Amino acid sequence: MIGTFVEAVPSLPPRRAEAAARPRAVVRLARAAPPYLYLAPGLVLLVVWTYWPLAQTFFLSFHSWNLVPSTPMTQVGTDNYERLLTTSALGSSTVRTFQVIAGLLPFTLLIPLGVGLLTRGRGTVHRGLVFAPMLVAPVAGATVWMFLLDPDAGLVNTVLGTDVNWLNGTGTALWAIVLITGWHLAGFAVLVVAAGLAGIDPEYTAAARVDGATSSQITRWITLPLLSPTLWFLVLMTVLLGAQWTFPLIDTLTQGGPAGSSTTVYYLLWEYGFRSNDAGLAAAAGVLFFAGFMLVAVPLARLADRAAVREEGP
Amino acid sequence: MSVGQVAFTAPSGDAALLRRMSTIRLEGLGRRFGAAVAVDDVWLDVADGEFLVLLGPSGCGKSTLLRMIAGLLEPSAGRILLDGADITALPPQHRNLAMVFQSYALYPHLSVSRNIGFPLRARRRSKPEITAKVGEVAALLGLTDLLDRKPRQLSGGQRQRVALGRALVRDPGAFLMDEPLSNLDAALRATTRAELVELHRRLNATVVYVTHDQVEAMTMASRIVLLNEGRVEQAGPPGEVYDAPATVFAARFLGSPAMNLVDAAVTRDGRAHGPGIDLPLGLPDEAAFPERPVTLGVRPERLSIVPEDGAGLRGVVTAVENLGGEEVAHCLVGSSQVAVRGPRPLGARPGDRIGLTAAPAHLHLFDPVSGRRLTWQPAATTAPKE
Ligand SMILES: Nc1ncnc2c1ncn2[C@@H]1O[C@H](COP(=O)(O)OP(=O)(O)OP(=O)(O)O)[C@@H](O)[C@H]1O
Ligand SMILES: [Mg+2]
């Protein structure tokens with residue numbers, strides 16, 4: 001008799017397509033809802049405090065209104081925009097705004113980077129000291145600086161041996177504001193840089209040292225590239241928010257003067273709205289500034305995003 | 001390695017002749033972190049071309065020792081000499097040692113070719129020279145197609161090769177490797193192990209290799225240095241460390257399953273006695289031996305199963321493990337666990353009474369207190385010495 005080979009292991013039964021029972025609509029809804037419910041409070045706040053005011057501003061910019069609730073708004077078409085574009089106030093305050101941003105960058109980027117690199121790996125005490133100005137309320141700080149910058153008895157003039165009227169000179173007022181704002185922000189920026197540096201794995205530096213790189217090569221080739229997402233964050237923060245941070249100081253120290261020489265766009269908006277009570281004009285300026293700012297901020301944010309993705313570790 | 005002849009050292013000429021000699025000597029090297037002693041008084045000579053493996057359990061100070069050699073950690077005691085020159089205070093940049101990190105530490109923002117070429121770039125070599133050298137190393141390691149990728153786009157094994165390439169691209173005095181295979185899966189680890197051995201044979205370079213894996217140590221080392229709590233427990237060729245462990249720690253650390261260690265006593269007749277134990281020790285004839293307690297050691301694969309009557313070790317089988325080709329039977333002898341390893345089937349089943357024996361040459365005696373190996377010294381004064 002001759003036998004036959006049979007498979008020792010029976011072959012697997014063919015896969016059966018699963019009959020996916022579709023749950024009822026109500027059940028599906030209940031399952032899908034939770035994520036949206038979690039998001040809801042945040043979304044509501046965003047709409048109420050950001051998007052709704054934005055839409056209202058846009059609406060207001062085509063009207064004339066003096067902010068008194070009993071007075072009706074009158075529709076004026078593009079009048080507000082025409083008035084803005086024919087006066088030089090918006091243009092010059094925009095230029096000043098960018099001057100402020102450029103003037104703040106050393107305080108929010110270069111100085112913190114230098115301090116961060118020099119104090120890398122040191123204790124937290126003197127970092128705390130650097131951070132301290134951030135904790136001083138802007139208005140309180142402004143008052144102290146007012147004394148320090150006093151043309152007659154101020155410490156700054158005494159030390160420098162000058163008699164400059166810092167806050168009342170058209171050439172110095174804006175830069176005095178920038179300096180004080182920078183003093184406020186530098187501590188925070190140092191902390192951000194320190195956190196960024198602490199987030200870089202020390203093994204990279206160790207490897208580079210064994211590979212024979214000098215410390216300046218390590219800084220240029222390893223540390224700075226790996227720190228670039230942090231540095232981009234600081235640039236973005238400064239560009240997007242820097243000029244806003246000067247507002248309380250301008251309001252306390254110079255009120256935009258002398259002769260408008262420290263009036264940034266933010267202060268201009270405020271003046272139009274709450275000094276001249278011309279809500280329509282302020283809204284139109286706001287809309288224009290918003291549009292112009294988007295043109296600067298969006299490409300910058302794109303660049304920063306790309307840098308962050310590129311430098312991301314494995 | 002798949003690719004054949006590539007000269008690693010000087011671009012021209014006979015590599016073997018031009019290769020620098022490099023010996024490393026550690027003199028009483030120590031390092032403490034606060035009150036904790038990580039490395040304690042290590043004396044060590046690494047010969048030129050040697051593949052030295054620092055072996056030990058986690059936390060025994062292997063990485064600390066290696067980092068001190070690399071210059072990344074300052075020793076708190078002792079000296080380091082490279083080719084006879086004291087480099088203890090030299091920063092890592094000037095030591096000309098190459099290191100492969102356990103985490104590989106590949107620069108995440110640089111491509112594979114830039115990672116490999118980094119040491120040359122730091123030395124301000126010309127672009128064409130760097131490109132040529134990187135190409136050479138990449139071909140040797142099978143990385144040619146990956147040169148433009150970033151580290152995060154590589155698999156673990158490929159990253160390991162890049163880290164190796166970065167060490168190979170220049171001609172370092174010695175290679176320091178900190179568990180370079182620990183992130184790889186078992187199969188990749190086995191092939192890479194063989195590749196590293198082959199590479200070492202070809203380059204004939206000095207390597208100090210850290211691992212906690214005894215298989216890596218046994219297969220790759222020309223000499224094993226076994227560390228325990230910062231101290232050198234034993235140093236010697238793999239065969240010697242395995243066959244004649246200097247201490248109970250060394251006996252336990254190498255081998256799988258670990259060496260059987262049971263408490264016993266040497267009696268006047270020169271045999272080891274204990275509960276379930278009565279083994280001849282093969283000592284030369286003497287009128288009477290000094291009695292003393294010992295720890296008796298025997299490797300599982302050196303035990304054989306014999307009829308229970310008159311066997312040297314008698315016990316009960318508690319479990320049998322099937323390893324595929326072999327079996328391990330765990331037995332209870334007296335109150336000690338004893339493992340027997342042999343070809344499958346061993347012919348033992350749980351619950352069986354079992355008799356075991358071993359040739360006297362395969363028995364190890366240790367002092368039960370100090371844990372150090374005991375040998376018989378037939379001298380005029382017949383006292384056993386350590
Ligand atoms: N920076 C440090 N500060 C304090 N203690 C440290 C430091 N680095 C290492 N140690 C201690 O020194 C001892 C040795 O550490 P080491 O990293 O050399 O161990 P290892 O043998 O490399 O271990 P593993 O196999 O887990 O990598 C450990 O007890 C560890 O806790
Ligand atoms: Mg380690």
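Throw me the Rg/Rh for region B:250-366, computed over C-alpha atoms with Kirkwood Rh, two decimals.
Radius of gyration relative to Kirkwood radius: 0.98.
Within 10 Å of each candidate Cβ there may be at most 11 other Cβ atoms; applying that plus a DSSP loop requirement, which trypsin sites (Lys or Arg not before Pro) in region B:223-290 survive?
B:268
Quickly estimate the mean residue ellipticity at 222 nm for chain B, helices only: each DSSP H run with n ≥ 4 gives -39500 (n - 2.57), and the total goes over all residues, rounded to 500. Write out the running numbers ahead of the final one.
Values: 9 runs with 89 residues, N = 386.
Estimated from H runs of four or more residues: -6500 deg cm²/dmol.
Send over a whole-number figure in Å² for the accessible area per residue of region A:82-312, probe 1.4 Å.
Spelled out: the 1.4 Å probe surface of region A:82-312, per residue, equals 46 Å².
For region A:170-242, with all protein chains present and a 1.4 Å probe, just round the carbon and sulfur fraction of the accessible area to a whole percent.
Carbon and sulfur together cover 72 percent of it.
Putting +1 on Lys and Arg Cβ atoms and -1 on Asp and Glu Cβ atoms, find which of B:164, B:359, B:122 reaches farthest to the positive end of the dipole of chain B.
B:122
Give me the three principal axis extents of chain A from the C-alpha atoms, as integers in angstrom, largest value leading.
The Cα atoms of chain A stretch 123, 67, 32 Å along their principal axes.
Can you compute the FRET efficiency between residue B:321 and residue B:194 using 1/(1 + (r/R0)^6), with r the Cβ-Cβ distance and R0 = 25 Å? Round to the nearest 0.05.
Working from the Cβ atoms, E equals 0.35.
At 1.4 Å probe size, with every protein chain present, just tell me what the per residue accessible area of region B:77-175 comes to in Å².
38
Which three extents, in angstrom, do the Cα atoms of region B:14-243 have along their principal axes, listed largest first?
46, 39, 38
Summarise the partner chain shielding of B:106-112 as one whole number: the mean count of Cβ atoms from other chains within 10 Å of each residue's Cβ.
Numbers: counts 5, 9, 11, 12, 3, 0, 0.
Per-residue shielding by partner chains comes out at 6.
With chain B treated as a Gaussian network of Cα nodes joined by springs under 10 Å, which of B:335, B:113, B:222 yields the largest mean-square fluctuation?
B:335
Quote the charge dipole size of the protein assembly as shown about the Cα centre in Debye, to the nearest 20; the model charges only the Cβ of Lys and Arg (+1) and of Asp and Glu (-1).
1320
Give or take rounding to whole Å, what are the principal axis extents of the alpha carbon atoms in region B:32-81, in descending order?
36, 24, 18
On a 0 to 90 degree scale, rounded to 10, what angle separates helix B:127-141 from the longest Cα axis of chain B?
30
Determine, for each peptide in B:85-98, B:294-307, B:274-287, the mean count of other beta carbons within 10 angstrom over its residues, then list the peptides with the highest first.
Packing order, densest peptide first, comes out as B:294-307, B:85-98, B:274-287.
Can you give the helix-only mean residue ellipticity at 222 nm for chain A, where every DSSP H stretch with n ≥ 4 adds -39500 (n - 2.57) and the sum goes over all residues, rounded to the nearest 500 deg cm²/dmol? Walk me through the intermediate numbers first.
Details: 14 runs with 192 residues, N = 314.
The helix-only estimate for chain A comes to -19500 deg cm²/dmol at 222 nm.
For region B:76-195, with equal point scatterers placed on the C-alpha atoms only and solvent neglected, what are the log10 I(q)/I(0) values from the Debye formula at q = 0.18 1/Å, to two decimals?
One equal scatterer on each Cα of region B:76-195 leads to -0.96.
Please work out the FRET efficiency for the pair residue B:287 and residue B:335, using the Cβ-Cβ distance as r and a Förster radius of 45 Å; give the result to the nearest 0.05.
With a Förster radius of 45 Å, E is 0.85.
Return the carbon/sulfur percentage of the accessible area of region B:244-386, one whole number, probe 1.4 Å, all protein chains in place.
52
Between residue B:202 and residue A:24, how high is the FRET efficiency from 1/(1 + (r/R0)^6) when r is the Cβ-Cβ distance and R₀ = 60 Å? Nearest 0.05. Provide the component values of the computation, followed by the final result.
Details: r = 70 Å, r/R0 = 1.17.
For R0 = 60 Å, the calculated efficiency reads 0.30.
Using only the alpha-carbon atoms, how far is helix A:25-46 inclined from the longest principal axis of chain A? Give it as 0 to 90 degrees, nearest 10.
Around 20 degrees separate the two axes.
What percentage of all Cα-Cα pairs in region A:51-201 are separated by more than 18 Å?
In whole percent, the long-distance tail amounts to 72.
Between the helical axis of B:186-203 and the dominant principal axis of chain B, each derived from Cα atoms, what acute angle in degrees is found, rounded to the nearest 10?
The two axes meet at around 70 degrees.
Quick one: buried accessible area between B and A, total over both chains, 1.4 angstrom probe, nearest 100 Å²?
Answer for the B-A pair: about 2200 Å² buried.
Within region B:14-243, what whole-number % of the accessible surface is contributed by carbon and sulfur, with the 1.4 Å probe and all protein chains included in the calculation?
Numbers: 4640 of 9150 Å².
Accessible surface attributable to carbon and sulfur in region B:14-243 totals 51 percent.
Using all alpha carbons of the protein assembly as shown, what is the percent of pairwise distances in each 10 Å bin, ordered from the shortest bin to the longest?
Per 10 Å bin, starting at 0, the Cα pair percentages come out as 3, 10, 14, 14, 13, 14, 12, 8, 5, 4, 2, 1, 0.
The values are calculated or read from the model by the stated rules, or taken from the named source; none is laboratory data. In this text, all values refer to a predicted model and were calculated from it rather than measured experimentally. Every residue, glycine among them, receives a Cβ derived from its backbone with ideal geometry; neighbour counts consider all protein chains shown. These accessible areas exclude ligands, DNA and RNA; they are computed on the full protein's heavy atoms, side chains included. Shrake-Rupley method; radii C 1.70, N 1.55, O 1.52, S 1.80 Å.
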